[in-house]
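A quick write-up on the structure given underneath.
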Amino acid sequence: MPKIAEIEDTPNPNAVKFMLKEPLTWGISHSYDNAEEAKSDPLASALFNIEHVTNVFYVDSCLTVTQDGGAHWPQLARLIAVPLREAPAADASSEALVAAAAVVIAGLSPEDQARFDVINTMLDEKIRPYLRKDGGDLHVVGFSGNFLSVHLQGACGSCPSLITTTLISITNLLRTIEPDIEVLSV
């Protein structure tokens with residue numbers, strides 16, 4: 001039964017981040033853009049049953065909910081708190097999933113896998129912590145040649161500054177190790 005420690009605004013005006021006293025997961029992010037995607041996740045399904053909710057993202061002790069702009073956050077936050085309090089906290093068995101979870105892109109040559117490992121390490125160290133601070137995350141979808149396909153999650157996925165700031169910043173940072181890389185949001 002996670003309890004809300006605090007509620008924080010994000011750079012996305014339609015998303016709010018709930019910081020919890022207990023973790024929901026151990027390092028594995030859950031991101032849903034609609035109720036159909038969330039149907040196997042009881043917490044996310046319950047949140048999508050709340051009018052105006054358009055995106056649900058959570059990892060560790062952070063839950064980010066995005067709305068369509070038609071609700072007032074104080075009222076919506078009270079509705080979100082109900083299924084959140086009913087959700088189970090992460091347990092020790094979840095830690096085994098973290099150890100098994102790794103970003104794997106099928107079919108990479110050994111050289112491209114080595115390049116990707118360096119890129120992913122930089123994402124882990126320099127990008128993901130800042131995205132998580134803002135209520136989001138980044139999931140790598142593909143890597144081919146000089147193209148890295150990513151899916152921005154949570155508040156970052158629908159943020160108005162996605163193209164103008166976030167992707168350009170990620171691309172510029174990765175170009176310090178891969179000068180010709182292009183980052184595409186999918």
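Below are the figures for this structure:
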item: Whole-percent carbon and sulfur share, accessible surface of the chain, 1.4 Å; result: 56
item: Separation in nanometres of the label points that stand 7 Å from Cα toward Cβ, at Glu51 and Ile177; result: 4.8
item: Rh by Kirkwood over Cα pairs, then Stokes-Einstein D for the chain at 1.002 mPa s and 20 °C, µm²/s; result: 124
item: Solvent accessible area, Å² - Ser40, 1.4 Å probe, full protein context; result: 100
item: Cut-off 14 Å between beta-carbons: net charge of the residues surrounding Cys62, Lys and Arg +1, Asp and Glu -1; result: -1
item: Pair Ala5, Asp68: separation of 7 Å Cα→Cβ label points (nm); result: 3.3
item: Isotropic mean projected area of the C-alpha convex hull, segment 138-186 (nm²); result: 3.1
item: Inter-label distance for Glu86 and Asn146, nm, one decimal - labels placed 7 Å from Cα along Cα-to-Cβ; result: 5.2
item: Viscosity 1.002 mPa s, temperature 20 °C, Stokes-Einstein D of segment 105-186 from Kirkwood C-alpha radius, µm²/s; result: 167
item: With Cα atoms, 0 to 90° folded angle of helix 73-86 axis to the chain main axis; result: 90
item: Cα shape, segment 1-72, gyration tensor, a/c 1.5 rule; result: oblate
item: Accessible area expressed per residue, the chain, with surrounding protein chains retained (probe 1.4 Å, Å²); result: 52
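The values are calculated or read from the model by the stated rules, or taken from the named source; none is laboratory data. Predicted model only: the values in this text are computed from it and were never measured. We place every Cβ from the backbone using ideal geometry, glycine too, and count neighbours over all the protein chains shown. Note: accessible area is taken over every heavy atom of the protein model, side chains too, but ligands, DNA and RNA are not part of it. Shrake-Rupley method; radii C 1.70, N 1.55, O 1.52, S 1.80 Å.
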